[in-house]
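The values are calculated or read from the model by the stated rules, or taken from the named source; none is laboratory data. Model, not experiment: these values are computed from the prediction. Glycine gets a Cβ as well: all are built from the backbone with ideal geometry, and neighbour counts include every protein chain shown.
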Amino acid sequence: MGRPRATTAEAAAAAYRELAPAVLGYLRSQRVPDAEDVLGDVFVHVARDLGRFRGDDDDLRRWVFTIAHHRAVDTWRRRRVRPRIADVPVPEIVDGTATVDVVDPGLVAALHRLTPDQRAVVLLRFVADLSLEDTAGVMRRRVGAVKALQHRALAALEAALAVSDAIER
């Protein structure tokens, strides 16, 4: 994605190759039903509006994750249910370039115990690698609210993992 974009179609294909694994991991981790379909919707939106997009690779990443977050929220609203563990297979965490199956079931269980907003903050900050300001923009919240959500989410993860470790011993 670091080179000039020759055409909108080529740029959309490059954005898909670069970001689709991370976006799919985000959607699955957020327990979005039919995550692959929502991923397709996200990149249809990206391809449609990419000609009007202005910015660098970091701006593109923020824009794509903003679209993905909004599509996830739209999906939950349409279904009028909050996500449940049984709705989606075990989530995948993404390292930014490739999808990696989660090895630690304790981490998966701990992520499932977070509220949807806490989980979104953790995934946007540490999987999508967005700044506090960018995460706040994606979630349409103040930076202070994102900091508080992140703090509570990390504390909850730490506590859940400590309990999991104690049980395993």
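Please verify whether Val38 is modelled with pLDDT of 95 or more and either among the β-branched types (Val, Ile, Thr) or farther than 24 Å from Arg113 by Cα (or both), treating the condition exactly as stated.
yes
Taking into account only those residues within segment 51-96 that are surrounded by 15 or more Cβ atoms within 10 Å (Cβ to Cβ) and more than 20 Å from Asp134 (Cβ to Cβ), which is modelled with the lowest pLDDT?
Among those that are surrounded by 15 or more Cβ atoms within 10 Å (Cβ to Cβ) and more than 20 Å from Asp134 (Cβ to Cβ), it is Val88.
When you scan segment 114-131, do you find a residue that is part of a loop (DSSP other than H, G, I, E, B), surrounded by fewer than 13 Cβ atoms within 10 Å (Cβ to Cβ) and at pLDDT 85 or above, even just one?
No; the residues of segment 114-131 include none that is part of a loop (DSSP other than H, G, I, E, B), surrounded by fewer than 13 Cβ atoms within 10 Å (Cβ to Cβ) and at pLDDT 85 or above.
Taking the condition of being out of contact with any helix residue (DSSP H, G or I) (no Cβ under 6 Å at 6 or more places or on another chain), in contact (Cβ under 8 Å) with a residue 12 or more places away in the chain and acidic (Asp, Glu), how many residues in segment 1-60 meet it?
The total comes to 4.
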